[in-house]
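One structure is given below, encoded as structure tokens.
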Amino acid sequence: MKWTTAVVTLIAAALLSGCDHSGNEQAPPASAEPLRPASLREADPCSFLPESSTAPYGLHPGQLHKGEVVRSCMWPAETFSVGVYINWDPQVLVNFSQAYPLPAGEAVIDGVAVFLQKSSTIPACGMAFPAERGTVIEVVSGDRPPATADHACDRVKKVGTEVIRRMRGQGVLDKAFTAPG
């Protein structure tokens, strides 16, 4: 019984130490192997993009945000940012299509069929795919002008490949929803 209390206390201390003053959580250290989450909705989207993938882009550490129908992680850089969203809001694809209304095609990235869309107002691109029943993953990137949305889409494809591989490694991709059609 004492051992259980010690473990719970240690876990609570580790979780609390990851918070910053804004209420967002810092991404775990990249050297730490991510724990296998109980479900996709419990997964840490910051763990889907390790430091080895963010460092070459000059991205700062990811900031985790937990909402009622979304978990997200954003990595800012000097001239662009990258984000990963786990969404279980029934309106997610409507919201995605409004934020990124210009079709940029469909693709199969690391065996997963994805939709690519571009913003009509800023140089930004998003990728979306269903990862399980009722849950959609978005990978987005936005640049400062004069960069183009096409450049952001190229980055989304590269980052998306890493995200999909990490999700698969954590066992949070449902093959029934991510197999190419």
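Pull out all pairs, ordered by first then second residue, where Cβ-Cβ is under 6 Å, the residues are six or more apart or on different chains, the first lies in segment 119-141 and is farther than 20 Å from residue 41 by Cα and touching a residue at least 12 places away in the same chain (Cβ under 8 Å), and the second is of a type in the set (D, E, K, R) and surrounded by fewer than 24 Cβ atoms within 10 Å (Cβ to Cβ).
123/143; 125/118; 141/155
When you scan segment 87-97, how many residues do you find that are open to solvent by less than 40 Å² (accessible area, probe 1.4 Å) and either of a type in the set (A, V, I, L, M) or touching a Pro at 6+ places or on another chain (Cβ under 8 Å) (or both)?
Residues flagged as open to solvent by less than 40 Å² (accessible area, probe 1.4 Å) and either of a type in the set (A, V, I, L, M) or touching a Pro at 6+ places or on another chain (Cβ under 8 Å) (or both) within segment 87-97 amount to 1.
Only one of (1) touching a Ser or Thr at 6+ places or on another chain (Cβ under 6 Å); (2) β-branched (Val, Ile, Thr); (3) free of Cβ contacts under 8 Å to residues at least 60 places away in the same chain fails for residue 82. Which number is that?
The number of the failed condition is (3).
Please enumerate the residues belonging to segment 98-141 that are among the aromatic types (Phe, Trp, Tyr) and open to solvent by less than 50 Å² (accessible area, probe 1.4 Å). Lay out the reasoning, then the answer.
At the first step, the residues of segment 98-141 found to be among the aromatic types (Phe, Trp, Tyr) are 100, 115, 129.
Selection gives 100, 129.
Just give me the residues in segment 52-86 being assigned to a helix (DSSP H, G or I) and either open to solvent by less than 30 Å² (accessible area, probe 1.4 Å) or within 23 Å of residue 132 (Cβ to Cβ) (or both), in sequence order.
Selection gives 53, 54.
Consider residue 162 against the criteria (1) open to solvent by 30 Å² or more (accessible area, probe 1.4 Å); (2) in contact with a helix residue (DSSP H, G or I) (Cβ under 6 Å, 6 or more places away or on another chain); (3) free of Cβ contacts under 8 Å to residues at least 60 places away in the same chain: it satisfies all of them except one. Which criterion is unmet?
(3)
Could you say which residue among 39, 47 is surrounded by 19 or more Cβ atoms within 10 Å (Cβ to Cβ), more than 27 Å from residue 146 (Cα to Cα) and hydroxyl-bearing (Ser, Thr, Tyr)?
The conditions single out 47.
The values are calculated or read from the model by the stated rules, or taken from the named source; none is laboratory data. Predicted, not measured: the structure shown is a model, and the values here were computed from it. Don't worry about glycine lacking a Cβ; one is built from the backbone with ideal geometry, like all the others, and counts go over all protein chains shown. Calculation scope for accessible area: heavy atoms of the full protein, side chains included, ligands and nucleic acids excluded. Shrake-Rupley method; radii C 1.70, N 1.55, O 1.52, S 1.80 Å.
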